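**Student:** Please see the structure below; I have some questions.
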Amino acid sequence: MLRVDDEPYDDSEPVIRPDIERRTITEADIDSEDFEAGAFVGVMSIEDFGSNVVYGARLAYHITEDFFTEAAVGHTKADKTSFENLSGGADILSDSQRELTYYNISLGYNILPGETFIGKGHAYNSALYVIAGVGNTDFADDNHFTVNVGAGYRFLLNDWIALRVDFRDHIFDSDLLGKDKTLHNLEATGGISFFF
């Protein structure tokens with residue numbers, strides 16, 4: 001190709017030389033291991049028995065980027081019912097019967113995996129997920145088949161530590177107060193977990 005002045009054109013030389021400042025970005029990825037173990041604490045509202053502190057542990061296995069399974073155990077203690085408080089001493093349950101412990105296994109799905117930006121230049125991996133499963137609840141000297149459903153948010157601080165917020169409903173049938181009733185026991189927890 002010739003220029004207007006008939007001199008040869010060197011096409012290896014760029015016409016525009018942009019002055020771009022390159023920067024290095026380090027993004028916290030989930031560790032190459034698929035197991036996640038953690039602890040949580042929060043509040044659980046036992047239907048008809050008030051709200052108290054709940055604590056427990058979770059162990060998860062990430063099957064794919066979207067799906068994971070999780071086993072969990074949690075413990076709390078029930079308060080007195082309004083009837084017990086108003087009756088002046090007619091207790092329905094003893095202190096040991098007020099202990100509630102649940103065990104469940106669940107399947108979770110990351111519906112919104114992505115990144116969370118904090119300030120300028122800080123991006124962290126995160127995921128909003130839904131979860132559901134089955135298990136057992138030991139309450140009032142009885143074992144109840146329990147279904148749990150909920151949602152949560154996982155925020156990865158680096159490639160092996162995550163912060164989590166979870167909301168669950170533990171649903172089981174009980175006739176403790178004289179008639180068959182489906183109880184909805186709402187739980188809100190926060191916790192920390194570790195990938196290994």
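**Student:** Hey, with R₀ at 45 Å, roughly what FRET efficiency would Thr182 and Asp159 work out to, going by the Cβ-Cβ distance, to 0.05?
**Tutor:** Efficiency at R0 = 45 Å is approximately 0.60.
**Student:** I want to check the label-to-label distance for Glu65 and Asp142. Put each point 7 Å from Cα in the C-beta direction and report it in nm to one decimal.
**Tutor:** For Glu65 paired with Asp142, the spin-label model returns 4.7 nm.
**Student:** Spelling out what I want: for every residue of the range 176-187, take phi, set θ = phi - 60°, compute 6.51 cos²θ - 1.76 cosθ + 1.60 (Karplus), and round to whole Hz; glycine and proline get x.
**Tutor:** 4, 9, x, 9, 5, 8, 8, 9, 10, 10, 7, 9
**Student:** Related question: Which order do you get for Leu177, Leu183 if you rank them by accessible area with a 1.4 Å probe, largest at the top?
**Tutor:** So, going from the largest accessible area down, we get Leu177, Leu183.
**Student:** Among the lysines, select those whose C-alpha is under 27 Å from the C-alpha of Lys77, and discard any that sit fewer than 8 residues away in the same chain.
**Tutor:** Result set, ordered by chain and number: Lys179, Lys181.
**Student:** Which value, in Å² rounded to 10, gives the accessible area of Tyr55 with a 1.4 Å probe and all protein chains present?
**Tutor:** About 120 Å², ignoring ligands and nucleic acids.
**Student:** Let me check something: with ligands and nucleic acids excluded, how do Phe155, Phe49, Phe145 order by accessible area (1.4 Å probe), largest to smallest?
**Tutor:** Phe145, Phe155, Phe49
**Student:** Where a ≥ b ≥ c are the square roots of the eigenvalues of the C-alpha gyration tensor, would you call the range 80-196 rounded, which needs a/c under 1.5, or, failing that, prolate if a/b is larger than b/c, or oblate?
**Tutor:** In terms of gyration-tensor shape, prolate.
**Student:** Amide H neighbours of Thr146 under 5 Å, counting only residues 5+ apart in sequence or on other chains, H built in-plane at 1.01 Å?
**Tutor:** Gly135, Asn136, Thr137
**Student:** In square angstrom, what is the accessible area per residue of the range 34-85 with a 1.4 angstrom probe?
**Tutor:** Spelled out: the 1.4 Å probe surface of the range 34-85, per residue, equals 48 Å².
The values are calculated or read from the model by the stated rules, or taken from the named source; none is laboratory data. Predicted model only: the values in this text are computed from it and were never measured. Quick reminder, even Gly has a Cβ in these numbers, built from the backbone with ideal geometry, and neighbours come from all protein chains shown. Note: areas computed on protein heavy atoms with side chains; ligands, DNA, RNA excluded. Shrake-Rupley method; radii C 1.70, N 1.55, O 1.52, S 1.80 Å.
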